[in-house]
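Read the structure below first, then the notes.
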Amino acid sequence: MYNMMKAVVAATALCMLTGAAWGAELKIGAGGAPTENILKPIKDAFEKSSGIKLSILSNGPKNALLDLDKGVVEAAAAGLSFNDWLALMKKEGVEVKDPAAYGQVVIGKDLVKVIVNKENKVAKLTAEQLQGIFSGEIASWKEVGGDDQPILVVMGKLTPGTNSMFAKKFLGTKAFAKDVLDATTAEDVRQNVVSNPSAIGFGPLALVDNTVNVPETPELSRDITLLTKGSPSASVQKLLDFIKGEGQKYIRK
C-alpha cells in the first residue's frame, strides 16, 4: 500500500512538472516571410528545446502590430524594415503614436520570389514584364514568350508587407491590377498557383518547392524584423536566442 502511494505521488509530481514545462505559450503575430521562412521551420525544434509552445498568428504585419499593442501577442514579425513597417501602417490608416516604444530586432533576410504553375515554361521575366503583368497591362502569357492563354494574377490579402515591397521594386507609379484572384496568406498564394495553370504570384522564399516553377527575375530582398513593446519578455528572448543559434539549421535562406 505504501509503495503504491509513493508511485501515485511520483506520477502526480511528474505530470505537474511536465505541465509546467509545457504550460508556457508564446504568441507571435506575423506576416508571410517570418511565418514561412523562420517561425514554421523552427517551431518543433524550439518547442522541444525550450518547453514553450509557439503559437503563430499569420495575420499580416498590420494586424500583428495592432495585436502587439493590445497585448494579444508578445511579439510581431514582418518582412519589412521598421521604417517600411511604419510607412505601411500609415498607408493602412493606422497611426503609430510612439515608434520609440518598440524594440526591434532583424531576425533574418528574405528573397521575394515570383512563382508560376508547373505547366508554365516561361523561364525569365524582366522588371518591365513584371510591371506589365501585375499592373494588368500584359494579359496573355503569349506576350512574354509563353502559351496563348490569359494570365491569372494571384494576390495575398494578408501579405501587405510583401505586396508593398514588390510594388515599390517593380510597379513604380502603377497600381496592382484590379482583376486578380484573391488569396489570403503566402501559402494560400502558392496553393492557388499550383491549382491554376495560368496563374502567377509572388511571396517569400519558403514558397519555392517542387510544386511550382520559378522564372528568373531581378532580385528583391528584404529584412525580416521582429518587434516587441519595450524589451523582449523572457520567452521572446529565448526565441531570439534560438533563432540566432540552433535555429539557423532550420531557417529557409
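The values are calculated or read from the model by the stated rules, or taken from the named source; none is laboratory data. Here the structure is a predicted model, which means the values were calculated and not measured. Reconstructed Cβ throughout: ideal geometry from the backbone, glycine too, with neighbour counts over all protein chains shown.
Among the residues of region 231-246, at least one is outside the structural domain of E128 (by TED's automatic domain parsing) and within 16 Å of the chain's Cα centre (by Cα). Taking region 139-253 as the region of interest, the strands (runs of 3 or more DSSP E) fully inside it that hold 1 or more residues being surrounded by fewer than 18 Cβ atoms within 10 Å (Cβ to Cβ) are 181-183, 221-229. Scanning region 52-85 for residues that are more than 17 Å from I243 (Cβ to Cβ) and surrounded by fewer than 20 Cβ atoms within 10 Å (Cβ to Cβ) yields L57, L66, D67, D69, K70, G71, V72, S81, F82, N83, D84. Checked against the criterion of being of a type in the set (D, E, K, R), out of contact with any Phe, Trp or Tyr (no Cβ under 6 Å at 6 or more places or on another chain), modelled with pLDDT under 95 and over 27 Å from L239 (Cβ atoms), the candidates K174, K168 yield just one match: K168. Screening E137, E187, E119 for residues that are under 19 Å from the mean Cα position of the chain (by Cα) and among the acidic types (D, E) leaves exactly one candidate, E187.
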